[in-house]
1. Across the stretch 93-102, what is the total count of residues that are loosely packed, with under 12 Cβ neighbours inside 10 Å and either in contact with a His (Cβ under 8 Å, 6 or more places away or on another chain) or part of a helix (DSSP H, G or I) (or both)?
2. Would you please name the residue that is farthest from L52 (Cα to Cα), looking only at residues in the stretch 167-195 that are crowded, with 18+ Cβ neighbours inside 10 Å and β-branched (V, I, T)?
3. Can you find a residue in the stretch 106-113 that is at pLDDT below 95, surrounded by 15 or more Cβ atoms within 10 Å (Cβ to Cβ) and either of a type in the set (S, T, N, Q) or assigned to a helix (DSSP H, G or I) (or both)?
4. Take the conditions aromatic (F, W, Y), without any contact (Cβ under 8 Å) to a residue 40 or more places away in the chain and over 14 Å from G53 (Cβ atoms) and apply them to W163. Does it pass?
5. Anything in the stretch 67-87 that is modelled with pLDDT of 95 or more, out of contact with any helix residue (DSSP H, G or I) (no Cβ under 6 Å at 6 or more places or on another chain) and more than 20 Å from F119 (Cβ to Cβ)? List them, or say none.
6. Taking the criterion of being of a type outside the set (D, E) and over 19 Å from N46 (Cβ atoms), would at least one residue in the stretch 147-168 satisfy it?
7. Go through (1) of a type outside the set (S, T, Y); (2) assigned to a helix (DSSP H, G or I); (3) touching a Gly at 6+ places or on another chain (Cβ under 7 Å) one by one and return the number of the condition P191 breaks.
8. Has the stretch 181-201 got any residue that is in contact with a Cys (Cβ under 7 Å, 6 or more places away or on another chain) and touching a residue at least 24 places away in the same chain (Cβ under 8 Å)?
Amino acid sequence: MQLVCKNLPGHSHYNDAGGKFVKKQKKWYDYLWIVSATYLILGFFNILFAWLGLICFFIPLGIALVKGKKSYCNRYCGRGQLFELLGGKFGLSRNKPVPNFLKQKWFRYAFLTFFMVMFGNMLFATYLVFANTSSLREVVTLLWTFRLPWHFAAASTASVAPWVAQFAFGFYSVMLTSTVLGLITMMLFKPRSWCVYCPMGTMTQGICQLKNGKS
């Protein structure tokens, strides 16, 4: 009889028949954490790369709407993989249980609502620039509070319309803020604690429940 210990992707499992530890072969999607890390780094050099983050919005929603599954969260989320790598392999997580209130439906949907309101404010700021009623602000807002000068990544914005650049600054603010929140909860609790209250995860879960007729 062959005994196999379940492990994370890429980790070894014991093959009783051969008496050896056999490394489980990784899939291409096990390396998507590199994409997430690269995205954040590129934002320091050229803010227009922030537009690529829309992929992480449309693909999860598309999968949930078409298939009624959370395949993106469970398999393709590079950010979750990055937290797992930093918190697990590199030991940056206290690995403590996630507080119960973060798991509660009221908190997850309240956080989703707040997140969407902030996202709406970002879109409105972009519209004001588009309508020429406001000027371009070359700042990244961290945690919806701290405005960080980001002019060093704005050199390429001269070649695009101001509203395109404004959206990039705003969207990168959203992505950076959510990453910082994820890193904080990663260090305090389990590596992938962010996944418990991630707004995108909450949205796709709600879509899947509606599509599959579950409450």
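The values are calculated or read from the model by the stated rules, or taken from the named source; none is laboratory data. Computed from a predicted structure; not experimentally measured. Using ideal geometry, Cβ is built from the backbone for each residue, glycine included, and neighbour counts are taken over all protein chains shown.
1. 2
2. T185
3. As a first pass, look at the stretch 106-113 and keep what is at pLDDT below 95: none.
No, the stretch 106-113 contains no residue that is at pLDDT below 95, surrounded by 15 or more Cβ atoms within 10 Å (Cβ to Cβ) and either of a type in the set (S, T, N, Q) or assigned to a helix (DSSP H, G or I) (or both).
4. Taking the combined requirement at face value, the residue satisfies it.
5. E84, L86
6. The initial filter retains those residues of the stretch 147-168 that are of a type outside the set (D, E), namely 147-168.
Those still in the list that are over 19 Å from N46 (Cβ atoms) too: 147.
Yes, the stretch 147-168 contains at least one residue that is of a type outside the set (D, E) and over 19 Å from N46 (Cβ atoms).
7. Result: P191 passes all but (2).
8. Keep residues of the stretch 181-201 that are in contact with a Cys (Cβ under 7 Å, 6 or more places away or on another chain), which gives 195, 201.
Restricting the remaining residues to those that are touching a residue at least 24 places away in the same chain (Cβ under 8 Å) gives 195, 201.
Looking for residues that are in contact with a Cys (Cβ under 7 Å, 6 or more places away or on another chain) and touching a residue at least 24 places away in the same chain (Cβ under 8 Å), one finds at least one in the stretch 181-201, hence yes.
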